[in-house]
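Worksheet: the structure to be examined is printed underneath.
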Amino acid sequence: HGGIGEDGTLQSLLESEGVPHTGPGAAAKTCMDKVATSLALSHLADLGVLTINKDVRRKEDLLNMPALEIWDELISRLQCETLCVKPARDGCSTGVARLCCVEDLAVYIKALKDCLLRIPPDSFSKSHGMIEMPSPPPERLIFEPFIETDEIVVSSKSGGEKAQGLVWKGNSRWVEITVGVIGTLGSMRSLSPSVTVKETGDILSLEEKFQGGTGINLTPPPASIVSNEALERCKHRIELIANTLQLEGFSRIDAFLNVDSGEVLIIEVNTVPGMTPSTVLIHQMVIAAIIVAVTIAIVAATAFDFGLAKLGP
């Protein structure tokens, strides 16, 4: 996961030897690079697939420029007040942080300079958990506008409420989703998206993403949050993304979903997703299998009833 296992290097070696593997081949190199991924999808905006504006900076430039100068440039170019920083080439959540002010940027730059393996909780102006950092530090970093979403909180209330025990303000119409895609080249299919429920902070920690029991994903999203119509439009767009990037086998796509329009704002494409008992791909495949089984059962029962009707009493 990450490195030569996700940038197309091992995939090319396997393909040259005729060895099957689970994900895409050459496409892995594109998906490993978040900037290249955005560029490959930029022509799909009219079809409801959106990309986030990015400003890429070299680590050396960040270390050698005043933090205030960098901050002012980023805020001006990206037309936002809050930033999200992440490594340009990384298949995981390492190094992802929310920056709300120039002091936050200075803390992040110092972490790069000191080659820290992790940034301690609450090092920034807004409360957060432990932030794992790439080792060695990335050579290029991406700065993006931070996408505001309303947290989906598990409620202790019961009684069959429509919200299914969830509290969601819905002021922002964007929710964070993760979606598995599976299939052959040119015929990738979207599994049922999972909506992300964050337990703490604004950025999912590695533990929330990969360790069993610490992260919560709801599959599929409750109808009280996303309508079935918007969900179907979302799945169509996820398939469009997968086939445009020439994915095959299975991969995972992280994105923001507009719950009204079904538009998808791409975060990243992970061609070697972590596989643990809590991995959403497993949950999504189980749900897909249940839907197929129920459909077959309904069709079979309908055919059986039709046969009895033809036979008469």
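Key figures for this structure:
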quantity: Assigned charges on the beta-carbon of Lys, Arg, Asp, Glu; the stretch 77-116 dipole about Cα centre (debye); calculated: 160 debye
quantity: Anisotropy class of the stretch 77-157 from Cα gyration tensor, a/c 1.5 cut; calculated: prolate
quantity: Nitroxide proxy distance, nm - points 7 Å out along Cα→Cβ at Ser12 and Val299; calculated: 4.3 nm
quantity: Solvent-accessible area of Ser38 with every protein chain in place, 1.4 Å probe, in Å² to the nearest 10; calculated: 10 Å²
quantity: Tensor-based shape of the stretch 3-118 (alpha-carbon gyration tensor, a/c under 1.5 rounded, otherwise prolate or oblate); calculated: oblate
quantity: Contour minus Cα-Cα distance for Lys126 and Glu73 (0.36 nm per residue); calculated: 16.9 nm
quantity: Aspartates and glutamates whose Cα lies under 15 Å from that of Lys86, excluding same-chain neighbours fewer than 8 positions away; calculated: Asp33, Asp55, Asp104, Glu132, Glu139, Glu144, Asp202, Asp254, Glu268
quantity: Distance (nanometres) between label positions extended 7 Å along Cα→Cβ at Arg58 and Ser135; calculated: 2.6 nm
quantity: Distance between modelled label sites at Ala45 and Arg189, nm, 7 Å Cα→Cβ extension; calculated: 3.3 nm
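The values are calculated or read from the model by the stated rules, or taken from the named source; none is laboratory data. Computed from a prediction, not measured in an experiment: that's the story for all the values here. All Cβ positions, glycine included, derive from the backbone under ideal geometry; neighbour counts span all protein chains shown. These area figures cover heavy atoms from the full protein model, side chains too; ligands, DNA and RNA do not enter into them. Shrake-Rupley method; radii C 1.70, N 1.55, O 1.52, S 1.80 Å.
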